[in-house]
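Reviewing the structure listed below.
The values are calculated or read from the model by the stated rules, or taken from the named source; none is laboratory data. For clarity, every value in this text was computed on a predicted model and none was experimentally measured. Glycine also receives a Cβ, built like all others from the backbone with ideal geometry; neighbour counts cover every protein chain displayed. Accessible surface areas use protein heavy atoms only, side chains included; no ligands, DNA or RNA. Shrake-Rupley method; radii C 1.70, N 1.55, O 1.52, S 1.80 Å.
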Amino acid sequence: MDKTKTFLITILVALLFGIPISIGKSQTDILVIHSDSADSTSAKEINRGLEMYLNDNPDFANKVSLEHYYLDMDNPNRQKCEIYLTEIQNTKNLVSDQKPDLVILSGDISQRLIGILLVAPQSSNKSYLKNNVKWLSEHGGCAKNNDAKKKLSIQAAPITLNYPLKIVFAGVTTDDAQEYGYYESTLTAGIYKHLFIPAVKSTIEDLYNAIPGETDVKPTGIIVIGDPASIASPSIQKLKSELAKKNAFDVPLKWNGLQKASKWEDWQKLIQAAKAHNSMVFIAGYSDLISDELTGKQIVQWTEACSKFPVLGSVDSFIADGGMLSITMSGQEQGVTALYLASQLLSDQPESVSFEEAKQFRIGMNKSLLADRQISLPFIYESYSRESDNFRDEPSQVPGCQ
Amino acid sequence: MQQPDGGNIITEPLPTPNRQGLLATLRPHAGWLLSIILPLLIYFALKGLSAPLPENSLRFIAIIAMATAMWVFRLTHAFVPALLILLMTVLLDVAPRSVAFSGFTSEAFFLCLGIFIMAAQVFSSGLLTRFSLILLRILPKTRFSRNLILFLNGGLLSAVLPSPVGRAALLTPLTFELIDDIPRVRDQKLDLTPLLISLTHGATLLSVVFLIGNPLNLILLDLAGNETRKNFGEWINWFTPSKAALLVLILGWLLAMLFLTINNNLPSVDKEKVKKRLANMGSITRHEIGAVLALLVFVASALTINLHHIPLAWIAFGMGLILYLYDVATPQDLRANVDWGTLLFIAALASWQPIMEYLKLDKTLIASLRTSLDSLQLASYVDQKFGQIPFLILALTAGIVLIRFLLPGGPAFIILMTALIPITNDAGISPWTLGFTILMLSEGFILPYQHGAYTQAMTELEQRNLLTCYSPRKLFFANMFLMLTRTAAVIVSFWYWRYISTF
């Protein structure tokens, strides 16, 4: 082959490979790290929000390339020290390999496992890092295992990157984002996911009014039951401070307090006690109770079957697990806002970006279970739950309270 | 690389026709009969259940049953049943064409196609022979040198060529070139056993350690989902957790060699003859330069994915085409030296996961295994029962060895992986961990018919009239020992994964 021909072919090859590389380099890479699996309600909701924002902002959509990584922590078998260590390592590798311009961290675990390690290099205050290692030790069981504990404190070390990584936290459930050290960096933004109390209050009242019969057959109070983590969450604590006030409700319901159950037997006792006290039940969360022997479905279906009055839940998967009515904060809004904040952080003036408070809530409904209790809610509930893609019409799969 | 008989490279050739006897005559008939009856039986048995699966799922399971019968009885080349599954999936409206044939657009398919083109060019260029002769000249004059060359070549090729039998096809002629210089003495039988072990295991032993060492590694990534692909889908990310296994496997081979070469009667290498042969080859050709450059660019691109962000599949595919742009590969390479059977097999296997997902069969499988999985309490093995993992691996080895007497490696892996993938969810571990374990064990072999590389070596011995030049007993025990080495490699890997936090 003559030299000119070889030279021309080399130019062609360089162009064929060079052009895709240069196009790839000009795009802004966003890595979305989800706490849950791709099939989870929360991840689907967030992704719907992300997609919605990209569809509405085609210019931004053309400039960015979105990659997703799912930590799969909604699987209770993965909520353990060894898997935490593995995922810390995996995501560290992922971030240092892919070098994204911005990371969106969705959900509590991704923020605990990864967020803090990403923020830390941009801050001088390391105290929250230490606190976080403590939190992870307690929640993943590393505290019981000395080797793992030592490894966690080594592995949960900040990721050192040689460029300013921007971070958006979606679905922040803590009271204050500073717990994760978010304010330590000017390159972070986020959206809180706190329960919207007026919406919860109004739903409880509508549900009360929809229970057939006179006041004497209706509940006299409402009790919040959940696993320790959900009961301690800022949203539920705020709910308590608002609804425990005298005459908080516009219906004759009194606040019967918060009750936590760390074991299934305790949970069952609390549900029976609520029945005895003529109380409606509001479920704050039950993920800590889920184990190899007990699924979320079993918990919710039993609770629904054994409760005297309709049960309201505040968990994303409540309807999928067999619940009747749920009110949660909208994951879709989290997705839309996360990308809006990302676009702001990636713009020329990122200083003005801060944390936002979620306002949109999401209703979930299983019409068949409502019908079983002869409850007819205003039609807007059905229409809104259908719109939120959280509507079901499936009869109860348990024969009764057993 | 294609086998001399034109057979498929990751699967085994058909039973040899000279095996007569009643059993051998009845075997294909029984196989064909079962291929007809078994799908119907399974279809109607499942349909008769109180809560039957959806119609499309029933049809798919019946089609799989037909293919499995064909694989078990080795009625035809392994890629044929795999393609029949896709064909019937479309004809019976089990899944749309875009889903059924999605494997043909998978990264695994393009990666293999590109690398096969490169390998075909390397094969025809004569580069490997020159490289081996140079090694022979450099290495000390011992009986071990030839074995080391074979194993080293096999190991290096494992890092870049995704076909164990393709590597064996490259190494087989080399093996006999390495003994060409030995003067034959009348009535003296040469003992080729160590060379056979180095050839067959050099081509196969390290295939799971490197991402592109085996096409089934790529299928594993397809089956395991996006997260696994992100964590292990790059050459270096696959290799890092495989290092412990690599060490154990090399150690196992060295021990086997120590035992086999101790009383071996092969004379050591005649350096003068090697020099003469090298001189006869002349100076390095344009095709050899092309092959070296292609391999270097490919390896460099694979190691720098973080910089250019072009997936390995497109690099390989691109490199394959570039060889043609520069005229260093020929259409003849594509016709004669690319293993189309394996390529079709890979594409067909890569379609399994999309079809299963489309039919939601993966979820059905998990639900149906729920009770048995719950009783196993798999989640506790990662922490509380970690010390019991060796027993689990030994049990798995025993099961896989038995299955491998029936099924070829590729189908055995895909069926086992599909059936056992729910375990990863229950144990909370990555599907890669399970896939690596199954692949490491199912790629092992004891008898010649169990692996194409082994069969190919035996065929070559037969053609060269050297069938009496090895010890079947020693070969059997060496294969058994290396099978156990694979088990040890998996067990050690579990400790290593715990150490580097890769579950």
Considering every residue within segment B:282-292, establish whether at least one is open to solvent by less than 20 Å² (accessible area, probe 1.4 Å), more than 26 Å from the chain's Cα centre (by Cα) and within 10 Å of chain A (Cβ to nearest Cβ). no
Within segment A:105-123, does at least one residue satisfy the condition of being more than 13 Å from every other protein chain (Cβ to nearest Cβ), without any contact (Cβ under 8 Å) to a residue 60 or more places away in the chain, open to solvent by less than 10 Å² (accessible area, probe 1.4 Å) and within 27 Å of B:HIS309 (Cβ to Cβ)? yes
Screening A:LEU339, A:LEU312 for residues that are in contact with a helix residue (DSSP H, G or I) (Cβ under 7 Å, 6 or more places away or on another chain), at pLDDT 90 or above, over 23 Å from A:MET52 (Cβ atoms) and not hydroxyl-bearing (Ser, Thr, Tyr) leaves only A:LEU312
Inside segment A:250-297, can you point out the residues that are under 28 Å from A:ALA199 (Cβ atoms) and of a type in the set (D, E, K, R)? A:ASP250, A:LYS254, A:LYS260, A:LYS275, A:ASP288, A:LYS297
For segment A:227-252, enumerate the residues that are among the hydroxyl-bearing types (Ser, Thr, Tyr) and outside any helix (DSSP H, G or I). A:SER233
State all residues of segment B:143-175 that are among the hydroxyl-bearing types (Ser, Thr, Tyr) and in a loop (DSSP other than H, G, I, E, B); if no residue qualifies, say none. B:SER163
So the check is Cβ under 8 Å with 6+ separation or different chains; which pairs have a first residue in segment B:362-378 that's at pLDDT below 70 and a second one that's open to solvent by 80 Å² or more (accessible area, probe 1.4 Å)? B:ASP374/A:GLU293
Which condition does B:ASP383 not pass, out of (1) in a helix (DSSP H, G or I); (2) over 17 Å from the mean Cα position of the chain (by Cα); (3) within 14 Å of chain A (Cβ to nearest Cβ); (4) of a type outside the set (Gly, Ala, Ser), if it passes all the others? (1)
Any residue at all in segment A:5-28 that's of a type outside the set (Gly, Ala, Ser), within 7 Å of chain B (Cβ to nearest Cβ) and farther than 30 Å from B:GLY290 by Cβ? no
Can you work out which of the residues in segment B:99-142 that are assigned to a helix (DSSP H, G or I), small (Gly, Ala, Ser) and in contact with a Pro (Cβ under 9 Å, 6 or more places away or on another chain) is farthest from B:ILE289 (Cα to Cα)? B:ALA100
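It is to be established whether one or more residues within segment A:50-64 are part of a helix (DSSP H, G or I), more than 9 Å from every other protein chain (Cβ to nearest Cβ) and buried (at least 22 other Cβ atoms within 10 Å of the Cβ).
Yes, segment A:50-64 has at least one match.
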Would you check if there is a residue in segment B:343-358 being within 12 Å of chain A (Cβ to nearest Cβ) and on the phi > 0 side of the Ramachandran plot? no
Does A:VAL224 satisfy the criteria of being outside any strand (DSSP E or B) and touching a Phe, Trp or Tyr at 6+ places or on another chain (Cβ under 8 Å)? no
B:MET480 vs. criteria open to solvent by 10 Å² or more (accessible area, probe 1.4 Å), over 17 Å from B:PHE232 (Cβ atoms), away from chain A (no Cβ under 14 Å) and touching a residue at least 24 places away in the same chain (Cβ under 8 Å): yes
If you go through segment A:65-75, how many residues are more than 8 Å from every other protein chain (Cβ to nearest Cβ) and either assigned to a helix (DSSP H, G or I) or not acidic (Asp, Glu) (or both)? 4
Residue check for A:LEU31: more than 8 Å from chain B (Cβ to nearest Cβ), open to solvent by 70 Å² or more (accessible area, probe 1.4 Å) and among the aliphatic types (A, V, I, L, M): no
Within segment A:137-155, is even one residue modelled with pLDDT of 75 or more, assigned to a helix (DSSP H, G or I) and out of contact with any strand residue (DSSP E or B) (no Cβ under 8 Å at 6 or more places or on another chain)? no
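Which of the residues that make up segment A:253-271 are assigned to a helix (DSSP H, G or I) and open to solvent by 80 Å² or more (accessible area, probe 1.4 Å)?
A:GLU265, A:LYS269
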Boolean, A:ALA38 is under 19 Å from A:SER106 (Cα atoms) and not in a helix (DSSP H, G or I): yes
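Name the single residue, out of those in segment B:229-244 being of a type in the set (S, T, N, Q) and either within 14 Å of chain A (Cβ to nearest Cβ) or part of a loop (DSSP other than H, G, I, E, B) (or both), that is surrounded by the most Cβ atoms within 10 Å (Cβ to Cβ).
B:ASN231
Check whether at least one residue in segment B:398-420 is within 13 Å of another protein chain (Cβ to nearest Cβ), among the β-branched types (Val, Ile, Thr) and more than 17 Å from the chain's Cα centre (by Cα), and report yes or no. First the steps, then the outcome.
So in segment B:398-420, the residues within 13 Å of another protein chain (Cβ to nearest Cβ) come out as none.
Within segment B:398-420 (the criterion being within 13 Å of another protein chain (Cβ to nearest Cβ), among the β-branched types (Val, Ile, Thr) and more than 17 Å from the chain's Cα centre (by Cα)), the answer is no, since none of the residues qualifies.
Of these, B:THR330, B:THR304, which one is in contact (Cβ under 8 Å) with a residue 60 or more places away in the chain, surrounded by fewer than 20 Cβ atoms within 10 Å (Cβ to Cβ) and over 23 Å from the mean Cα position of the chain (by Cα)?
B:THR330
Residue-wise test of (1) more than 27 Å from A:PRO212 (Cα to Cα); (2) touching a residue at least 40 places away in the same chain (Cβ under 8 Å).
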position	(1), (2)
A:VAL336	yes, yes
A:ALA342	yes, yes
A:LEU346	yes, yes
A:PHE361	no, yes
A:SER368	no, no
A:GLU382	no, no
A:ASN390	no, yes
Scan segment A:78-94 and tell me whether some residue there is more than 9 Å from chain B (Cβ to nearest Cβ), of a type in the set (A, V, I, L, M) and either part of a helix (DSSP H, G or I) or open to solvent by less than 30 Å² (accessible area, probe 1.4 Å) (or both). no
Where residues in segment B:137-171 are surrounded by fewer than 24 Cβ atoms within 10 Å (Cβ to Cβ), under 29 Å from the mean Cα position of the chain (by Cα) and of a type in the set (S, T, N, Q), which of them is modelled with the lowest pLDDT? B:SER145
Just need a number here: residues in segment B:210-228 that are open to solvent by 10 Å² or more (accessible area, probe 1.4 Å), in a helix (DSSP H, G or I) and within 14 Å of another protein chain (Cβ to nearest Cβ). 3
